[in-house]
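The values are calculated or read from the model by the stated rules, or taken from the named source; none is laboratory data. Predicted model, so just to flag it, every value in this text is computed and none were measured. Methodologically, a virtual Cβ is constructed for each residue, glycine included, from the backbone with ideal geometry; neighbour enumeration extends over all protein chains shown.
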Amino acid sequence: MFTLTDICNIAIQIEQNGAETYFNASKTAENSELAKVLAWMAEEEKKHARWFKSIQSDKELTAEQMEMEAVGKSLLLEMVKNNTFSLDSKALKDTTDLKELIAQSIEFEQDTILFYEILLDFLDDTETIEKLKTIIGEEHNHIKTLKTLAEQKEFL
């Protein structure tokens with residue numbers, strides 16, 4: 001039902017939503033160390049969005065598939081256009097503890113993974129399924145990075 005382009009468009013939107021939320025929180029954080037981490041997270045989300053923009057399909061679509069792609073894009077983008085899942089901008093702004101900040105970020109990444117895993121059930125094209133699994137892998141890598149950051153910053 002959904003094409004690789006649909007999946008990439010939704011991934012880009014999710015990453016842009018996260019980047020904007022992290023960036024806004026970094027600008028209002030009172031703790032300078034937390035502001036740095038928030039700004040770093042915003043940049044990470046931007047990197048992911050750029051990576052997703054680089055994914056392209058070599059497959060030519062039929063007229064019917066192009067029409068379905070347009071419908072899929074519209075539906076998916078409407079679902080997540082301003083959605084940050086569990087990433088709450090107010091909670092981020094109010095966070096004063098690095099562990100809590102990282103926990104919130106990990107929860108957002110986990111929500112994103114869950115959303116992508118649900119989308120897998122709507123795919124029938126092998127290439128698109130493999131690319132989405134790659135995207136899911138990138139989100140898992142982000143969680144690993146966050147956990148490493150938490151360990152490194154534990155004594156701040």
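Considering only region 7-24, I want to know if a residue exists there that is over 20 Å from PHE122 (Cα atoms) and modelled with pLDDT under 70. Let's see the steps before the verdict.
Keep residues of region 7-24 that are over 20 Å from PHE122 (Cα atoms), which gives 15-24.
Subset that is modelled with pLDDT under 70: none.
Within region 7-24, none of the residues are over 20 Å from PHE122 (Cα atoms) and modelled with pLDDT under 70.
Within region 119-156, can you find the residues that are in a helix (DSSP H, G or I) and more than 24 Å from ARG50 (Cβ to Cβ)?
Of everything in region 119-156, those that are in a helix (DSSP H, G or I) and more than 24 Å from ARG50 (Cβ to Cβ) turn out to be THR126, ALA150, GLU151, GLN152.
Output yes when any residue across region 144-152 is without any contact (Cβ under 8 Å) to a residue 60 or more places away in the chain, out of contact with any Ser or Thr (no Cβ under 8 Å at 6 or more places or on another chain) and either of a type in the set (Ser, Thr, Tyr) or buried (at least 18 other Cβ atoms within 10 Å of the Cβ) (or both), and no when none is.
yes
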